[in-house]
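To start, the structure under review is shown below, and the notes come after it.
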Amino acid sequence: MKLLRRVHPLYWLALVLFIAALAASVLTADTSGGVSRSASVYDTGPGGTAALRKYFEAMGASTTTVQGDTFAADPSDVGVLFMLGPSEAFTQLDAAAVRRFVTGGGTAVLATDAGVFESPLLDAFDVHVAGALGPGQYAVGGISFADPPVHAIALDRGVSLSFGAGRVPLASASGRTLVALAREGSGSLIVVGSVAPFLTAELGEADNGRFALALAAPAIASKRVVAFDEYHHGVHPTTDVLVLLTRTWPGRALVFAGVAFFLYLIASGRRLGPAIPLDPRPPRSSLEYIRGFAGLVRRSGHGEIARRRFRRELRTALARDVGLDPETPLTDVIAELATTDRERAARARVLDEALSRPLRDDALLRTVREVGLVIGTERKTGGTA
């Protein structure tokens, strides 16, 4: 029987990466029939709102966009601010700017399909996403949508809304709120649970066009401007150096290739350079370290370090031999030693004087040898006694 070849781990890694890429493509696929929902007035395609802007201008409204370095709208100039399907997250500062606009008498209209990027703004006005809405037509009525009259809006997808005290439902279907009103100061925030009624592809469906015009009516009636939020569609400067990697497909492909290459290195155990051979030299002995240190001391010109040490050892050993404190002055130690061994005391005095001045290497070695003999002689004498 023929043995099966072992599959290389890199092939398994490639299969896993392929499945991951396929899953990511499925999860991020657009389910709106191939329509990209940018909701931007600069998008003239079916998923943009360029047609909505032209529709408002045809009905006599003046339009503008909010974009640039900061997100802000002046209620004295802007009557209605449309924030349609933001693709960038609102910050607390953005939510505060909307609150100032509404409190000052403006009307802000927020349309969302999920409520993810708009969460700080929704929380600030105590409006929340309650659930998902399926495609279909939903009845709309009430005095808010009487001029022009709106009876139903068509959605392809959206969310239902929940809200706290003081918030008013403007449109509901089967007990689920589609449009909610949150009053703040002299203005209000209107939250629509879908971007679909404002898109070019859906603007002509049911009463979607009239629905959007009814929301813009306060600005038209007061001769103020209808503004579209393009700031949260990315029309502003960015300081993020990684924007090309995260916002463009070539950048994402580069990141994917880098991650794949890194995983390849890990899986294959490859190194990024030639192997470094082990040091073949045998370990050094303690004598080599001693010689090396001695050479450093000699080259440094501080031979007094060694002389002080041997001089201290000589004085300490002699003081202990005669039964005195090691800190006793050497003259007293030698005087005490001379009472029993004059020759040894004389040799100790000579050695101490020699160690007190600079010595050549050979003279230092001879002096150290004689120090050892003096100390060793006394130990022998002490042992004989």
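The values are calculated or read from the model by the stated rules, or taken from the named source; none is laboratory data. In this text, all values refer to a predicted model and were calculated from it rather than measured experimentally. Ideal geometry is used to build each Cβ from the backbone, glycine not excepted, and the neighbour counts take in all protein chains shown. Side chains included, ligands, DNA and RNA excluded: accessible areas come from the protein's heavy atoms. Shrake-Rupley method; radii C 1.70, N 1.55, O 1.52, S 1.80 Å.
Residues that are open to solvent by 40 Å² or more (accessible area, probe 1.4 Å) and under 19 Å from A154 (Cβ atoms) were ranked within the range 37-46; the one that is modelled with the highest pLDDT is P46. Out of T103, T70, one residue alone is more than 22 Å from D207 (Cβ to Cβ) and within 27 Å of the chain's Cα centre (by Cα). It is T70.
In the range 73-113, how many are outside any loop (DSSP other than H, G, I, E, B), farther than 18 Å from V41 by Cβ and of a type outside the set (S, T, Y)? Adding up the residues that qualify gives 11.
Scanning the range 123-145 for residues that are open to solvent by less than 70 Å² (accessible area, probe 1.4 Å), assigned to a strand (DSSP E or B), under 23 Å from D207 (Cα atoms) and in contact (Cβ under 8 Å) with a residue 40 or more places away in the chain yields L133, Y138.
Just one residue in the set R157, R176, R210 is open to solvent by 60 Å² or more (accessible area, probe 1.4 Å), out of contact with any Asp or Glu (no Cβ under 8 Å at 6 or more places or on another chain) and closer than 23 Å to G45 by Cα; that residue is R210.
Condition test on V109, is it farther than 19 Å from Q92 by Cβ, β-branched (V, I, T) and open to solvent by 10 Å² or more (accessible area, probe 1.4 Å)? Criteria not met by V109. Contact map, the range 48-63: first residue within 14 Å of V80 (Cβ to Cβ) and without any contact (Cβ under 8 Å) to a residue 60 or more places away in the chain, second residue hydrophobic (A, V, I, L, M, F, W, C) and in a loop (DSSP other than H, G, I, E, B), Cβ cut-off under 6 Å, separation 6 or more or different chains; the map is empty. Among the residues making up the range 350-380, those that are at pLDDT 80 or above and touching a Ser or Thr at 6+ places or on another chain (Cβ under 9 Å) are L351, A354, L355. When A154, A139, A114 are checked against the criterion of being modelled with pLDDT of 90 or more and among the aliphatic types (A, V, I, L, M), A154 stands alone in meeting it.
Scanning the range 191-223 for residues being among the aliphatic types (A, V, I, L, M) and closer than 16 Å to L155 by Cβ gives a total of 10. When R281 is tested against (1) within 46 Å of the chain's Cα centre (by Cα); (2) modelled with pLDDT of 75 or more, exactly one condition is not met: (2). Screening T339 with (1) surrounded by fewer than 12 Cβ atoms within 10 Å (Cβ to Cβ); (2) of a type outside the set (G, A, S); (3) touching a residue at least 40 places away in the same chain (Cβ under 8 Å) gives one miss only, at (3). For the range 303-328, a residue qualifies if it is out of contact with any Pro (no Cβ under 9 Å at 6 or more places or on another chain) and modelled with pLDDT under 80, and the qualifying residues are I305, A306.
Across the range 47-72, what is the number of residues that are in a loop (DSSP other than H, G, I, E, B) and either open to solvent by 70 Å² or more (accessible area, probe 1.4 Å) or touching a helix residue (DSSP H, G or I) at 6+ places or on another chain (Cβ under 9 Å) (or both)? Of the residues in that region, 10 qualify.
Looking across the range 260-274 at every residue that is modelled with pLDDT of 70 or more and farther than 13 Å from A14 by Cβ, the one that is nearest to the chain's Cα centre (by Cα) is identified as F262.
Against the list (1) of a type in the set (A, V, I, L, M); (2) in a helix (DSSP H, G or I); (3) open to solvent by less than 80 Å² (accessible area, probe 1.4 Å), the condition V350 fails is (3). In the range 292-325, the qualifying residues are those that are surrounded by 12 or more Cβ atoms within 10 Å (Cβ to Cβ) and more than 23 Å from R357 (Cβ to Cβ), and the one that is farthest from the chain's Cα centre (by Cα) is V322.
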